[in-house]
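Reading through the structure tokens given below for one structure.
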Amino acid sequence: MAAIPIIEFVLGIAVLVYSAEKLIGYLVGVASRWAVSLFLIAVVFTGIEFDDLAFGIALNVEDLSEVALGTVIGTTIAMTGIVLALMAIVAPCPVDVPKSYLALFVAAPVVMYALALTGALSVGIGVVLLLLFVAFVGWIAYREYSARRPVFRNAELYEQLEKAGVGAGGGGTATLTREGPGDGGTGSGTGSGPRGGDGPEGRDDNGGGFHLPPDLHVDQGFLKARQTSPAGTIVLAVIALIGLVVGALIAGQGTEGILENFEIEGTVFGVTIATLALTLEDILLSVEPSRRGAPEIGIANVIGSVVFSVTGKLGIVLLIGGAILVDDDTLAWHMPVLLVFTVLSAVFLATGRLRRWHGVVLLALYVTYFVLSLVLFGEVPVDD
């Protein structure tokens, strides 16, 4: 039945996204106790997209190399054309990204494109790309440490909330007083899920107080992850990793069936339908933090995801699945579009502020790219 591959694909993507969300939650829950830069944490734990990686590997192993490459390119374009665009539209905000990070952000897809011009991406190229990603993370870590950029800024506040009895799942007794904007008015409430508003102040049972940033959102899942033992977190992380593998296998099987039943050209499917499904997680990881006043998480997710996709992810896919031949359509259309989106996004970020019109421009260009990809390179199924 034609519907079975679609069901397999949707189910596989759902398992992928769910497992990735859980894995990231467990890892960040533990990492928040360390004095590690928020930007670095976000680059590593959201930029390294385990679900996309597992999906790409499964596709290449299943001899669907065109789809694997198309997914790499498509998800990279979607990170700027959809995710960054929605961040700018929903929550325009100031941004502070070092120029060296933006230079690497642009250089990564340029290097991939230059290597792809040879007509094939070999296992040796995969090694080079993987080493480039390791160097990228190393440079970010060095810069964040040497510049003493802020650590995870809410880590100490979470510790204070826990000491005050505010924990995941209830039982907290900390009292919040909120000052209304400009009128000095206050209000109070007691519970286990305080949310940052207009300058709230928390007080523990002993009368001590601590201030919460106006944009702080106390995440119950985050508190729960912090309270899980290291051993328990590792077990849960392993289970999430198994979920990633299972989801990738199911989605890969469904993809093969869709291509056979609907006669869609492989690269086009990768840069359109599969990409949109895999981008849902990044929208949640980028747009929502930006809306709640922590845009650095979303920006790091976009930059880290783009660099990881065209270096580390593609490198690992090549090492495990073997070489990928690059067709003329990819070289003449998809990769140049990727470069345009990356450069334009870097220019917008370099201004120091994401504006709503930036997002409108990026999203409009992405819709144009999406439509042209289907019209110019897609095949309409015909009933014999």
Query raised in the report: Which length gain, in nm to one decimal place, applies between Val367 and Val343 when the Cα-Cα distance is subtracted from 0.36 nm times their residue separation?
Result: 6.9 nm
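Set the Förster radius R0 to 41 Å, insert the Cβ-Cβ distance between Ala332 and Ser146 as r into 1/(1 + (r/R0)^6), and round the FRET efficiency to 0.05. Walk me through the numbers on the way to the answer.
On the way: r = 42 Å, r/R0 = 1.02.
E between Ala332 and Ser146, to the nearest 0.05, is 0.45.
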Requested in this report: Would you grab the residues whose amide H sits under 5 Å from the one on Leu354? Only those 5+ places off in sequence or on another chain, please, with H modelled 1.01 Å from N.
Outcome: Cys93, Val95
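Read the figures in this text as sums done on the coordinates, not as results from a lab. Keep in mind that what you see is a predicted model, and the values were worked out from it rather than measured. As a convention, Cβ positions derive from the backbone with ideal geometry for all residues, glycine included, and neighbour counts pool all protein chains shown.
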